[in-house]
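What follows draws every value from the coordinates through simple rules; no lab data is involved. In this text the structure is predicted, and so the values were computed from the model without any measurement.
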Amino acid sequence: MDSTGSPLPGTSFAASAGTPYAAEAAAEIYRAGGNAADAAVAAAAAVGLRSPS
């Protein structure tokens, strides 16, 4: 994996974030019927939990 992000394509969405955890969190929100704003909040929360510094 390179430092450009963690792309995660879906059937009706694509999520890309700085860490695989954040991309997966965003993808889970999309799969659950969320929108881009919901996915962004989830990705930010995942980054904060996995990389708090």
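Some notes on this structure:
- Global form of the stretch 6-50, assessed from the alpha-carbon gyration tensor, a/c cut-off 1.5: oblate
- Taking amide hydrogens as placed 1.01 Å from N in the peptide plane, the amide H of Ala17 sits under 5 Å from those of Ser6, Ala23, each at least 5 positions away in sequence or on another chain.
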